[in-house]
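Please treat every number below as a calculation from the coordinates, not as lab data. None of the values given here were measured: they were computed from a predicted structure. As a convention, Cβ positions derive from the backbone with ideal geometry for all residues, glycine included, and neighbour counts pool all protein chains shown.
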Ligand code: BTN
């Protein structure tokens, strides 16, 4: 890849590209360091879940070092989700976003994002933005899909990666200049969760609510059946659309 922003490392197989990228970040790797693998032995998802990573999928993690407070790191999820949505839409795939970090097609999961932040006393020291996209092969799990399944033809992973990276780079540079608002406007438009009845699973059990809006650090505004409203945070809950 001929791009001075990215510094690419590739391995055919790793435990998790996020773990690899975090090691590199802790040893001082600069912003733009990108690690890519063909398969992961221990791919990780949000909230301690595993991410099934057969060959055929796209698995990468990118180190970013924005000057933002750690509590704004979820903005990088909004940014990455919006970029994935734009790229996959341009390929005419019927995708939408499910809050906070899923790209879904016809209700099935096509891609996921795991942002992990390292903080220092002065703020965020790095963020690792991990992306998994089910590209080729059958859906890796029930409830998932792949681009090949949707289009009925195998895809060039290198081209998809290049498109996604181009979009992330442009989106990130715009974010550094203009903040999250323009991204958030696109995220809201692409987000199928908004306006829907949902079930929230948290540490105190489950609750029904309606999803109203996404706030500018990635939190979701919901309205409970008694009319009360509250913000929920992605690291505390899972969500099912009813
Ligand atoms: C989720 O939907 O829960 C997030 C899934 C994120 C998966 C990607 S694959 C590349 C990177 N490395 C990991 O171990 N996880 C992320």
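What distance in nm lies between label points placed 7 Å from Cα along the C-beta direction at residue 201 and residue 8?
3.7 nm
Is the range 193-242 best put as rounded, prolate or oblate by its Cα gyration tensor, with a ≥ b ≥ c the root eigenvalues, rounded for a/c under 1.5, and otherwise prolate when a/b is larger than b/c, oblate when not?
rounded
Determine, for 210, 177, the number of other Cβ atoms within 10 Å of each Cβ, and report the residues in order from fewest to most.
Lowest to highest Cβ neighbour count: 177, 210.
Using every Cα-Cα pair within the range 51-115, state what percent have a distance larger than 14 Å.
I get 62 percent for the Cα pairs in the range 51-115 exceeding 14 Å.
Let me have the 222 nm mean residue ellipticity of the chain computed from DSSP H runs of 4+ only, each contributing -39500 (n - 2.57), with the sum over all residues rounded to the nearest 500.
So the helix-based figure for the chain works out to -8000 deg cm²/dmol.
Neighbour counts of other C-beta atoms within 10 Å: give me 233, 85, 204 arranged from fewest to most.
Sorted ascending by nearby Cβ count, the order is 204, 233, 85.
Mind jotting down the distance between the C-alpha centroids of the range 90-147 and the range 154-232, whole Å?
If you average the Cα positions of each part, the centres end up 11 Å apart.
Counting just the Cα atoms, what span does the range 1-157 cover along each of its three principal axes? Round to the nearest Å and put the largest first.
Per principal axis, max minus min of the Cα coordinates gives 48, 33, 31 Å.
Based only on other Cβ atoms within 10 Å, what is the fewest-to-most ordering of 59, 175, 9?
Ranking 59, 175, 9 by Cβ neighbours within 10 Å, fewest first, gives 9, 175, 59.
Could you compute how fast the range 84-242 diffuses translationally, taking Rh as the Kirkwood radius over C-alpha pairs and applying Stokes-Einstein at 20 °C with viscosity 1.002 mPa s? Give it in µm² per second.
Once the numbers are plugged in, D ends up at 125 µm²/s.
I'd like to know how the range 37-86 sits against the 2.2 N^0.38 Å rule of thumb: what's its Cα Rg over that expected value?
So the Cα radius of gyration is 1.35 times the expected 2.2 N^0.38 Å.
Could you check the spin-label model distance between residue 91 and residue 49? Points 7 Å from the Cα along Cα→Cβ, value in nm.
Taking the two extended label points, one gets 2.1 nm.
If I model a spin label as a point 7 Å beyond the Cα along the Cα-Cβ vector, how far apart are those points for residue 142 and residue 121 in nm?
5.2 nm
Give me the compactness ratio for the range 118-205, meaning the Cα radius of gyration over 2.2 N^0.38 Å.
Here the Cα radius of gyration is 1.45 times the empirical estimate.
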